[in-house]
Amino acid sequence: MASSDKYDRQTRLWGAHGQRALGEARICLLNAGPTGTESLKNLVLPGCGFVTVVDGEKVTEGDVGNNFFVSRADIGSPRAEVTLSHLLEMNPDVSGEARCVDPSDLIGGEPGFFEGFSLVIASQLQRDALLSLSAVLWSMNVPLIAVRSYGLVGSMRIARPVHVCFEAKEAQAVADLRIANPFPALQAFADAVDLKSCDDETHRHLPYPVLLVKLMGEYAAEHGGQPKTFAQRKAFAKWVGTQRRDITTDEGVPIWEENFDEAVANASKASLPTPLRPDVADVLADAKLDALESTDDDFWFLARALRDFRAAEGKGESLPVSASLPDMTATTALYLRLNEAYKLQATLDRAAFCAHLERAREAAGCDEKRPVSEGVIDRFLASCQSIKVMRYRPIAMELSARAAEDGAAAAAADPAAADGEAEAQGQYTSAVKEAVAELQMMGETNVSMCPALWAVMLRAADDFQCATGRFPGAGASPDLIADAAEVAKYAAVHAAGYGVADHVTEEHAQEITRYGACEPHVVAATMGAVVAQEAVKLLTQQYVPVDNTFIFNGIATTAAVATL
Amino acid sequence: MASSAAAGRAAVYHAVFGADVMEKVRSSKVLVVGAGGIGCELLKDLVLVGFGHLEVVDLDTIDVSNLNRQFLFRPQHVGQSKSAIAAQAVASFNPRAGPIVSHHGNIIRGRMFSADFFRGFDLVINALDNQAARSHVNRMCLATRRTLIEGGSTGFAGQAHTIRGGATLCYDCRPKPVQKSFPVCTIRSTPDKPVHCIAWAKELHALLVGDAPNSVLYEPDDAPDHPPAAASSAAAAGPTAAPAADAGASRGESVYMRAVRRPDDAVCDDTAALAAWARGAFDALFRLEIEKKLSMGDAYRTARCRPTPLPLSRCHGFEAACEATLSAPLPAHRTPTLGECAGSFLSALQTFFSDPARRQAAREGRVAFDKDDDLSMRLVAAAANLRAITFGIEALSEFEIKSIAGNIVPAVATTNAVVAGLEAMEAVRALAGRDPADASYAVVLSTGISGGRTVSGDVVPPPNPACSECGRARVILRLDTKRLTLRQLIRGVLCGALGFEEPNILFAAAEAEEGAATGSHFSFLEDEDDASLLGLPLAALPAGGVTSGKLVTVDDFALDGARVEAVVVHVDCEGGGEEAVAAAVEVVGDFSAPEAARAAKEAKAKQAAQQAASAAAAAAAAAAAATAAGGDSDSDDDIVAEGSDADEGSDGSDDDDVFEILEGAGPPSPPSEDSSASRKRPREDEDDEPKRARLGEA
Ligand SMILES: [Zn+2]
């Protein structure tokens, strides 16, 4: 009699609601080579909803043995159909369709096809097709993951105008217990306590938020206000520690009051309101909150309500109180009583929050009949210390990058023309330079294996392909030396743009040329796993996806993330 | 890309790795330990790279919950050997590779997995999900000088790296998180967290349907005049039955042992009687026992949580819930009500004993708690919540309880696939014979935790000199601890294979045995200690005996300096005679007592000579300095420098970035609590404006 839920162990990571989001996802894969099918495999297994495989090739001898989802018997059959059927065999919960057409034809001829997908994974797509696809998806706000395995190097790029994370789950968000600005029920609890006359049992079991509210009241009365400087706060904390009682058991054994340890450790919270985490502050300051439209994602209305709540009920410094109280020294009775106080405030705050939410939705003309679900509101409030908004850089901007000086020079020569051009053109970001500098800072003298440099090399290989119609080192009988020299020229331009000219060498060009654009399964398997990992983040709106490029260097087994 | 499609697999790998490396890949023998989530991925990757001689070991059979990560398995394979099915499934993908040899067995205890077995491979790759097996494979690889590639995953985090004895850290160079255990009295009397109640519920499971005498809740019955029949008839009378309550009146006597005694067939086959028995058990456990504890006075004076007795009558709606849960379980994701907990507890007990097969297994004490057994899980979840409610502790959903009770570590296909891919890469690199310092990169993933890092590489740290596995003279003794006697160990193994003359044996007492009677250690020297012990099997020796995993230290007064630590690994020789048991002993590792003594003697002599020399030099320098200037002498530096050299290696391992994550190593913690996250937590007492500048904004 075994466990019946095959998703049990992953649901522990992203919850039933995350699993639901995954189960409703429609995913489109372009090109069913090893990297593409491995990516999809890792999404079919955990139970994504529906997959569409787009591939125009027939299965060849070369696929067999390098792609786990084709077999010898499939040679000559459409690769989209073959891989789809093998993929779906792994999980009966998932359904899908095959489109036996070249992805570039679909992108150019039928862009509307991509409407309605939750995610598009483009594997081994050449540059011009990728640029068209990313423009199409960008306008639909459909997330794109572009992935490639290239010899021992792999890269993955995410593009999407805006991505919202409901549960970023980054650093542990510190719960705001409202000690610095107690709500009425907490204040009343503290007021009812008499530290002088209460019995020892109570004294050593008073929960520390109550102790701090109480003691801060006494301190403020005596000193004409709360501590304001670092030194005063230190002094307050010290004073809190002196308020212990000498308690002993009946046998005369001293009892140390642990609740006072907790109070001393948290003393600064009594005069400093819990600050917003920077990511949350960014969300609340987002211009989008003042221009909501009825078609916008629930997230934005919830964020707007959060901002309005903080300004009104939160008096500019508090978010809604959480109903769950962390563990602390207390008797059960005192703990439960305190928890009741927090629950009561949480209920009041939730009601106020929902009123703000309603107003914001009404103002934007949202459909009353399709309210934000109670479960979504609860989860949002439970994790409102861990929300985040990400805005990706368009792929077009990355690929049209020119060095900052070039842009400035062009602007000086012809201000009007440069203005228009700046719209479409980006600049080289500093990410590659920073990645190299970071390695150097860590004492690495040989930075040639820095993964970010290999992103520069992939770009050079693409330049070569755009110019010649083939990848360096590929084709019938390539001249490896000539190809490498050509690649090195392209690489030098980008290396200069990224500010790493000194670090991109001939050896890099030779290595990239040696690969001949092959797609070894072992790199594909690793890249496919990374893609699926990021796909789960994008689909569940949990965790923080990569911003924006992941580069895997299989030569040294290192990897890095860079914003390109 | 058209070119790669035409090139074919072999050409692809020749292009990236080169022909000689690919020949090594084809001809090398590789052992994969584990055919689970990582193992399935790994086998596929290795076969597609072109590894020609693969063997795989796994002791498990396929379970339904494996299907969504262990993609080589299909529903029709449930119940079959993982290693066999995995080997079959991947072999077809590279017909030119030889067949994959599969072994269905326990890598630690299986007799065939000897040192020679390990020596038969060029490379060993771990794809395991538990600490004990990884430690063992690590130890075997160190002893047989095999390169090991170690990998593991927990949720979104994982790691893969190469271990080469002496050149890199080993699996045990870093301390492992220890499984939390709780004092027995916290479980029995003073719980204050849900986890204590869950531990209690698991003990209760053992008491009710499992190995009762080994449950911490077992209270020996001093009244042998109650035949089992009495138990059943008393219980059948229902919760108001007097006998149990009477028992509670006398302090010290158990108020629940009789009520939880397994019902006889007459009761089990009578629905009403069985229901009454279940209610009797409920009443004894959640009302009478609590009342008794409260009546014992000061037991709860200092406790965080003071219990309230829970009569069944307070559990509103338990009858309906009991009825409902007989046919369908409660929703797993919602915290149940009190009535639902009570109903589910009763119905789980009734289901257990109305099913003849389960009843029989329970009577024989054969039902061990298994989180994947829905009925066992239901019983534990309901009992844990009822326990929690009596102590005013929050109740949890069955899903949450299962996490804690089963030590369930979250697992996801994607992380396993990354780890396997990296292990396969490392395998090729290891065979390519890169310089260990170059090839041995540790790879740490912190994929889910932040957008910052997904996979990151790091140099594998050097061995930890303080490591108990790779830092000292060690041997592994594979033997049958239940059958090999102390005499056989001394005469045959220590004096025989290892060359001791008068071995002195020392091992630490098992934790449970530690106490005034046995002390904290067991030590034995023939001719001095009780000779009657010689005839005992190792496991039966005092202080808990020598059991699998025990570290035994042996030294010798006659051979000064000969000292070895032996890890004993139990290998079952059931059915073998005395000679067969002796013959089955295997010593793994190079150690010879006479040689160790000789080496120690030499080292000592050398040290003495050096000391004499440096003392002489110091004296000479001091004399010279004194004559020259009468000023301060720095000749001490020589001696100090010697000491500091030796210390140098020990401070290099403070490396937070490589953290060990072990599937099944302990209770799961949210990914955000990993070391890198906690390091970033801002200091609370900082008055400065929080630093908000980010990279790229400057
Ligand atoms: Zn070690």
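The values are calculated or read from the model by the stated rules, or taken from the named source; none is laboratory data. None of the values given here were measured: they were computed from a predicted structure. Neighbour counts run over all protein chains shown; Cβ positions are idealised from the backbone, glycine included. The protein model used for the area step is the full one, side chains on, heavy atoms only, and it has no ligands, DNA or RNA in it. Shrake-Rupley method; radii C 1.70, N 1.55, O 1.52, S 1.80 Å.
Can you give the percent of C-alpha pairs in segment A:429-515 whose distance is more than 20 Å? For segment A:429-515, the fraction of Cα-Cα distances above 20 Å is 32 percent. With Cα atoms defining each centre, segment B:536-552 and segment B:69-146 are spaced 29 Å apart in the structure.
Highest-first packing order for the peptide set A:243-254, A:267-278 is A:267-278, A:243-254, based on the mean count of other beta carbon atoms within 10 Å. Expressed as a whole percent, the accessible area of segment A:184-388 that falls on carbon and sulfur atoms is 54 (1.4 Å probe).
Please go through segment B:323-405 and write out the GluC sites (Glu not before Pro) that DSSP classes as loop and that have at most 12 other C-beta atoms within 10 Å.
Those that pass, being in a loop and sparsely packed, are B:Glu364.
Packing here is the average count of other Cβ atoms within 10 Å per residue, and on that basis the peptides B:57-63, A:96-102, highest first, run B:57-63, A:96-102. Within the straight-line cut-off of under 23 Å between alpha carbons, the lysines reachable from A:Lys228 are A:Lys214, A:Lys238, A:Lys269, A:Lys315, B:Lys691, sequence neighbours fewer than 8 places apart in one chain being disregarded. Size descriptor for chain A, Kirkwood hydrodynamic radius: 27.5 Å (Cα pairs only, one decimal).
Residue by residue, segment B:574-585 carries 3J(HN,Hα) couplings of 3, x, x, x, 4, 5, 4, 4, 5, 5, 7, 5 Hz when phi is fed to the Karplus relation 6.51 cos²θ - 1.76 cosθ + 1.60 (θ = phi - 60°); x denotes Gly or Pro. Using all pairs of distinct alpha-carbon atoms, the Kirkwood hydrodynamic radius of segment A:495-564 works out to 14.3 angstrom. Judged by the mean number of other Cβ atoms found within 10 Å, the most tightly packed of the peptides B:326-332, B:588-594 leads the ranking B:588-594, B:326-332. Computed with a 1.4 Å probe over protein heavy atoms only, the accessible surface of chain A comes to 39 Å² per residue. Based on C-alpha pairs under 8 angstrom that are at least 6 apart in sequence, segment A:184-388 has a relative contact order of 25 percent.
Take peptide B:306-312, look around each residue's Cβ out to 10 angstrom, count Cβ atoms belonging to other protein chains, and average those counts.
1
Surface composition of segment A:484-564: carbon and sulfur make up 51 percent of the accessible area, probe 1.4 Å.
Normalised by 2.2 N^0.38 Å, where N is the number of residues, the alpha-carbon radius of gyration of segment B:474-590 equals 0.99. The residues of segment B:475-611 expose, per residue, 50 Å² of accessible area to a 1.4 Å probe. Between B:Gly155 and B:Ala411, B:Val412, the built amide H atoms are under 5 Å apart, and every one of these is 5 or more places off in sequence or on another chain.
Solvent-accessible area lost on pairing B with A (1.4 Å probe, both sides summed) amounts to about 7900 Å². Annotation note: chymotrypsin sites (Phe, Trp or Tyr not before Pro) in segment B:352-426 located in DSSP loop regions with a Cβ neighbour count of at most 15 within 10 Å are absent. Taking the 0 to 90 degree range and rounding to the nearest ten, how far is the long axis of helix A:332-364 tilted relative to the main principal axis of chain A, both from C-alpha atoms? Between the helix axis and the principal axis of chain A, the angle is about 50 degrees. Viscosity 0.890 mPa s, temperature 25 °C: what is the translational diffusion coefficient of segment A:184-388 from Stokes-Einstein with a Kirkwood Rh over Cα pairs, rounded to a whole number of µm²/s? Answer from the Stokes-Einstein relation: 127 µm²/s.
Tilt of helix A:480-498 relative to the longest C-alpha principal axis of chain A, in degrees (0 to 90, nearest 10)? The angle comes out at about 30 degrees. Of A:Tyr428, A:Tyr498, the residue with the largest accessible area leads and the full order is A:Tyr428, A:Tyr498 (1.4 Å probe). Near the amide H of A:Lys6, within less than 5 Å, lie no amide hydrogens of residues on another chain or at least 5 residues away, with H placed in the peptide plane.
Between helix A:506-515 and chain A there is an angle of about 70 degrees, using the helix long axis and the longest principal axis of the Cα atoms. Longer than 30 Å from Cα to Cα, which of A:Lys388/A:Lys433; A:Lys489/B:Lys24; A:Lys537/B:Lys402 are they? Say none if no pair is. Cα-Cα > 30 Å for A:Lys489/B:Lys24; rest within. For segment B:106-159, the pair-distance distribution built from all alpha carbon pairs, in bins 10 Å wide starting at 0, is 23, 55, 18, 4 percent. For chain A, what's the relative contact order in percent, using C-alpha pairs closer than 8 Å and at least 6 residues apart? So the answer I get is 20 percent.
Residues in segment B:602-616 carry Karplus couplings, in order, of 4, 4, 5, 4, 4, 4, 4, 4, 4, 4, 4, 5, 5, 5, 5 Hz; the curve used is 6.51 cos²θ - 1.76 cosθ + 1.60 with θ = phi - 60°, and Gly or Pro positions show x. Computing the accessible area with a 1.4 Å probe over protein heavy atoms, can you report the carbon and sulfur percentage for segment B:474-590? The nonpolar share, carbon plus sulfur, comes to 48 percent. Accessible-area rank, largest first, for A:Trp14, A:Trp256: A:Trp256, A:Trp14, with all protein chains present and a 1.4 angstrom probe. Interface residues of segment A:497-525, defined as a loss of at least 40 Å² in heavy-atom accessible area between the chain alone and the complex of all protein chains with a 1.4 Å probe, are A:Arg514, A:Cys518, A:His521, A:Val522.
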